[in-house]
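Bear in mind that the values in this text are calculations on the coordinates, not laboratory data. Predicted, not measured: the structure shown is a model, and the values here were computed from it. Cβ atoms come from the backbone with ideal geometry, glycine included; neighbour counts cover every protein chain shown.
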Amino acid sequence: MVKCLLKTRRISPPCHITSFKTDQQSNFTFHQFINCEPFQDYDNPRDGSRRLEPPRAFAIAMPRGKRRSAADMGPGDDDRHCSKRRVTSSSTRRHSKAEDISSFSQKRCIAWFREYTTPDDPDTLGPEGMEKFCEDIGVEPENVVMLVLAWKMNARQMGFFTLQEWTKGLTELQCDTHTKVQNKLDYLKSFLHEPSTFKSIYRYAYDFARDKDQRSMDMETARAMLQLLLGRQWSLYSQFNNFLEQSKYKVINKDQWCNILEFSRSIQSDLMNYDVDGAWPVMLDEFVEWLKAAREQTGKGSSSGKGS
């Protein structure tokens, strides 16, 4: 049948196309009709009816395809179409939601901050909120990583975070959930192993921990902060802590605080490289004298024990 349709043959024009000349009708083919080739030399019909223009002939020969209506669709076609649309839409929503969670949102960060504040002071996270925050991220409040986090926020007062400090630090860390902060804990701890960064954190800790009404840090707070920062890395820390406990000092000033770190880094545990004429604060000179005396006393005690 296909070959018959494609074979060039003469056909009679439709009943409404009556204006072809006799000699043109003999040469009109099926291919010319389908392809709507331009018709040359055709006259107006004798009965006065309107002649058919080529574009109109094309529209009649090849009508534009129409979308199937619901009545024309099979029983399963509509269900398959809707199912595909639902799957695509659901997949798109899941992908979009995953992207939203993984990317940082300052709005979500601020909303998270509000979970730890009170209606009376919504822009300040206080001690109670701090305790809950530490619980959520799985860190003890006295853990040194909390000091590093406060340093990142440039927090002004120990036990408090303002909204501005919170958004500054967590925007830099790209954290807006407790899970993201947990994933950053090792990164925060790594700052403690970089000498220059540790020095910055150590110096920051003095102003962060001291009472803002006082120029110096009280001895109880100073000993706690020294234990937090130097307790594991300074071999003479326990002796220095004992010295402070027995000493006359009630506070530590900023100069003493900074020199304690330099002393811990530069002076050997046997004190052999300690220079009596060095520019150390009097507190550290007294510590060296105290430690030497304690060691001599221990040595004498050991010698007398062996002799007996």
Quick count over segment 247-298, residues being exposed (fewer than 13 other Cβ atoms within 10 Å of the Cβ), in contact (Cβ under 8 Å) with a residue 24 or more places away in the chain and farther than 22 Å from F198 by Cβ, is 1
Would you check if L188 is in contact (Cβ under 8 Å) with a residue 24 or more places away in the chain and of a type in the set (A, V, I, L, M, F, W, C)? yes
When every residue in segment 165-185 that is without any contact (Cβ under 8 Å) to a residue 40 or more places away in the chain and closer than 16 Å to G129 by Cβ is compared, the one surrounded by the most Cβ atoms within 10 Å (Cβ to Cβ) is E165
Within segment 232-246, the residues that are surrounded by 13 or more Cβ atoms within 10 Å (Cβ to Cβ) and not hydrophobic (A, V, I, L, M, F, W, C) are Y237, Q239, N241, N242
Next on the checklist: among the aromatic types (F, W, Y), more than 25 Å from L147 (Cα to Cα) and not in a loop (DSSP other than H, G, I, E, B): is that true of F287 in this structure?
Outcome noted: yes
